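Only the coordinates and a few stated rules stand behind these numbers; no lab work does. If you're wondering where the values come from, they're calculated on a predicted model, not measured in any experiment. Here the Cβ is made from the backbone with ideal geometry for all residues, glycine too, and neighbour counts use every protein chain on show.
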Amino acid sequence: MGYFITFEGVEGCGKTTQIKLLSEHLSGRGISTTLTREPGGCPIADKIRSILLDAENRALSPLAELMLYAAARAQHVTEVIAPALTAGKIVLCDRFCDATLAYQSFGRGIDRDVIDTLNRQACQGMVPNLTVLVDCDPRIGLERARRRIEASSGPREERFELEALAFHQRVRDGYRSLADAEPDRFVIIDGSDTIEAIFTAISTQVLTRIPEALRAVC
Ligand code: TMP
């Protein structure tokens, strides 16, 4: 079995920049990784992503939203994550099942048991070995995310950026309580620092945790 690392955090926390830097850094050391993301990561899940993030779909009900995330995950785990981990690879995934707890349970208020059940089915036993939580004040994160959306020429993936600040605050608090409940799996990184400082903190943590055997064979 390989090694599974997930990145989590509120909008604009910088995790997507950091996961790419980490992938490049590991590859520079001869350690190859499978870099992927949720929602998405494979063609069918990417189609579900465009429904989920389209700002025109504001009428999407919380339960329909939850089930679309679960559907995208089931496909992504089947097509990408499970095969890569079974082949002994290091998988870096930008968001995974903790995002569903933070956004759909803490954020939207859906019963946690329902989400745990769906996550268990969709994850098919693939549990992250390490989760990097890039913790950031949502006011700072949302400002960064809005600047990124304005500068982008692609589809406007902003359904969540349009949510109230209080929603993003619940998501942040949710992530922190998930991290507190599983201190061995989570590492909390201060996302208000510079890109370079955040990267140093993350790469140090990751390199000490990746099993020696995987560093050698990848
Ligand atoms: P991204 O901005 O990191 O690409 O994530 C897309 C959005 O989807 C982000 O606003 C968080 C949200 N999301 C959920 O609400 N639940 C989930 O399970 C996942 C994976 C993401």
Can you find a residue in region 8-25 that is within 14 Å of the ligand (Cβ to nearest atom), of a type in the set (Asp, Glu), part of a helix (DSSP H, G or I) and surrounded by fewer than 19 Cβ atoms within 10 Å (Cβ to Cβ)? no
Determine if region 156-164 includes at least one residue that is more than 26 Å from PRO62 (Cα to Cα) and either surrounded by fewer than 20 Cβ atoms within 10 Å (Cβ to Cβ) or charged (D, E, K, R) (or both). no
Restricting region 101-113 to residues that are surrounded by 15 or more Cβ atoms within 10 Å (Cβ to Cβ) and of a type outside the set (Val, Ile, Thr), which is nearest to the ligand (Cβ to nearest atom)? TYR103
Selected residue (only one of ASP98, ASP135 is away from the ligand (no atom under 14 Å from the Cβ), in contact (Cβ under 8 Å) with a residue 24 or more places away in the chain and under 25 Å from GLY14 (Cα atoms)): ASP135
Being within 13 Å of the ligand (Cβ to nearest atom) and hydrophobic (A, V, I, L, M, F, W, C) narrows ALA84, ALA70, ALA59 down to just ALA70
Between residues in region 148-176 that are farther than 17 Å from LEU66 by Cα and of a type in the set (A, V, I, L, M, F, W, C) and residues that are within 11 Å of the ligand (Cβ to nearest atom) and assigned to a loop (DSSP other than H, G, I, E, B), which pairs lie under 7 Å by C-beta distance while being six or more apart or on different chains? ILE149/GLU158; ILE149/GLU161
Among the residues in region 63-74, are any of a type in the set (Gly, Ala, Ser), free of Cβ contacts under 8 Å to residues at least 12 places away in the same chain and out of contact with any strand residue (DSSP E or B) (no Cβ under 7 Å at 6 or more places or on another chain)? yes
Matching residues in region 180-200 - criterion: being buried (at least 18 other Cβ atoms within 10 Å of the Cβ) and farther than 20 Å from CYS97 by Cβ: GLY191, ILE198, PHE199
Does region 47-55 include one or more residues that are among the β-branched types (Val, Ile, Thr), touching a residue at least 40 places away in the same chain (Cβ under 8 Å) and crowded, with 16+ Cβ neighbours inside 10 Å? no
Restricting region 33-48 to residues that are within 14 Å of the ligand (Cβ to nearest atom), in a strand (DSSP E or B) and not charged (D, E, K, R), the residue that is nearest to LEU22 (Cα to Cα): LEU35
Conditions: (1) in contact (Cβ under 8 Å) with a residue 60 or more places away in the chain; (2) touching a Phe, Trp or Tyr at 6+ places or on another chain (Cβ under 6 Å). ALA179 meets all but one. Number of the miss? (1)
Selection count where residues are surrounded by fewer than 14 Cβ atoms within 10 Å (Cβ to Cβ) and either outside any helix (DSSP H, G or I) or touching a residue at least 40 places away in the same chain (Cβ under 8 Å) (or both), scope region 201-218: 3
Here the residues within region 56-69 that are hydrophobic (A, V, I, L, M, F, W, C) and crowded, with 18+ Cβ neighbours inside 10 Å are LEU66, LEU68
Would you be able to say whether some residue in region 116-131 is crowded, with 17+ Cβ neighbours inside 10 Å and farther than 25 Å from ILE90 by Cβ? yes
